[in-house]
Structure formats: structure tokens, C-alpha cells
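Asks: Handing you a structure now.
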């Protein structure tokens with residue numbers, strides 16, 4: 001078993017005229033195999049590309065970053081239920097339900113997606 005420390009910080013003084021945003025949370029996540037370390041995939045518009053197999057058992061902690069400077073990437077389950085739309089330079093980190101799988105598809109042109117996942121321990 002391994003441990004990942006996940007941290008999220010959201011700060012802004014201009015998000016609203018009536019409040020300042022200052023949020024910081026962290027968690028210690030226990031993980032086990034299987035996992036995929038930081039990798040890159042060329043995501044095309046031609047077909048949905050499976051990154052996490054729906055047959056893989058266990059909840060997965062999933063990270064992705066769209067490294068493209070122009071185009072966005074859609075992340076969805078293998079049943080085509082969308083999780084996220086990553087605009088250029090955006091990233092995400094979230095748990096994937098056991099058996100849901102994850103696919104990616106570029107919208108306008110091929111994009112390089114940086115991604116990784118770890119199985120919840």
C-alpha cells in the first residue's frame with residue numbers, strides 16, 4: 001500500500017464583490033495496485049479512447065491535465081456519461097466509481113492528455 005497526499009487550494013479576492021474566497025483542504029489517500037503513473041496519451045476526435053477499463057475492480061483516484069493550448073477534451077464513463085470538459089491547460093482530480101471506467105475524446109483536434117490513476121486501498 002502507498003499513500004498520496006491530495007491538496008486543493010482555492011483563493012481569490014475578485015470572485016465576488018461581497019466575499020473573498022479562501023479554501024484549502026487536504027486528505028491522505030491510501031492506494032494499492034493496479035495504478036498507472038503519470039503518462040501521456042494523444043487524444044483524437046476520431047473515437048473515445050479508454051484510459052481506465054470499466055472491468056477493472058476498485059475505485060480509482062484519477063488525475064488528468066489537458067496540455068493543449070487551443071482545444072478541449074471531454075472525460076466520460078465508458079457508457080458515455082460525461083465527467084468533465086477540460087479546456088486548454090485545465091486539470092482535474094477525482095474518484096471514479098468502481099466499474100464505471102473512463103474515456104477521453106478531443107473536441108476539435110487531437111490533444112495530448114497527461115493522466116494517471118491509483119486504486120483506492
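Asks: Please specify each residue of segment 14-57 satisfying the condition of being assigned to a loop (DSSP other than H, G, I, E, B) and farther than 20 Å from residue 110 by Cβ. Don't jump to the end; show me each part of the working.
Replies: The first filter runs over segment 14-57 and keeps only residues assigned to a loop (DSSP other than H, G, I, E, B), leaving 14-20, 44-48, 53-57.
The answer is 14, 15, 16, 17, 18, 19, 20, 53, 54, 55, 56, 57.
Asks: Name the residues in segment 4-24 that are touching a strand residue (DSSP E or B) at 6+ places or on another chain (Cβ under 6 Å) and farther than 29 Å from residue 112 by Cβ, would you? Full working, then the answer.
Replies: Filtering segment 4-24 down to residues touching a strand residue (DSSP E or B) at 6+ places or on another chain (Cβ under 6 Å) leaves 4-12, 15, 21-24.
The answer is 15, 21, 22, 23, 24.
Asks: State whether the residues of segment 106-117 include one that is closer than 30 Å to residue 2 by Cα, at pLDDT 95 or above, part of a strand (DSSP E or B) and over 13 Å from the mean Cα position of the chain (by Cα). First the steps, then the outcome.
Replies: Just the residues of segment 106-117 that are closer than 30 Å to residue 2 by Cα, to begin with: 112-117.
When the remaining residues are screened for being at pLDDT 95 or above, the result is 112-117.
With the extra rule that they be part of a strand (DSSP E or B), the set shrinks to 112-117.
Next cut, over 13 Å from the mean Cα position of the chain (by Cα) only: 112.
Looking for residues that are closer than 30 Å to residue 2 by Cα, at pLDDT 95 or above, part of a strand (DSSP E or B) and over 13 Å from the mean Cα position of the chain (by Cα), one finds at least one in segment 106-117, hence yes.
Asks: Could you check segment 73-91 and list, in sequence order, the residues that are buried (at least 17 other Cβ atoms within 10 Å of the Cβ) and either assigned to a loop (DSSP other than H, G, I, E, B) or out of contact with any strand residue (DSSP E or B) (no Cβ under 9 Å at 6 or more places or on another chain) (or both)?
Replies: Scanning segment 73-91 gives 77, 78.
Asks: Among the residues that make up segment 3-10, is at least one of them in contact (Cβ under 8 Å) with a residue 12 or more places away in the chain and surrounded by 14 or more Cβ atoms within 10 Å (Cβ to Cβ)?
Replies: As a first pass, look at segment 3-10 and keep what is in contact (Cβ under 8 Å) with a residue 12 or more places away in the chain: 3-10.
Subset that is surrounded by 14 or more Cβ atoms within 10 Å (Cβ to Cβ): 4.
Among the residues of segment 3-10, at least one is in contact (Cβ under 8 Å) with a residue 12 or more places away in the chain and surrounded by 14 or more Cβ atoms within 10 Å (Cβ to Cβ), which makes the answer yes.
Asks: Here's a follow-up. Hey, could you check segment 38-51 for residues that are loosely packed, with under 12 Cβ neighbours inside 10 Å and at pLDDT below 95 and say which is farthest from residue 100 (Cα to Cα)?
Replies: Among residues in segment 38-51 that are loosely packed, with under 12 Cβ neighbours inside 10 Å and at pLDDT below 95, the one farthest from residue 100 (Cα to Cα) is 46.
The values are calculated or read from the model by the stated rules, or taken from the named source; none is laboratory data. Owing to the predicted nature of the structure, the values given are computational and were not obtained by experimental measurement. Every residue, glycine among them, receives a Cβ derived from its backbone with ideal geometry; neighbour counts consider all protein chains shown.
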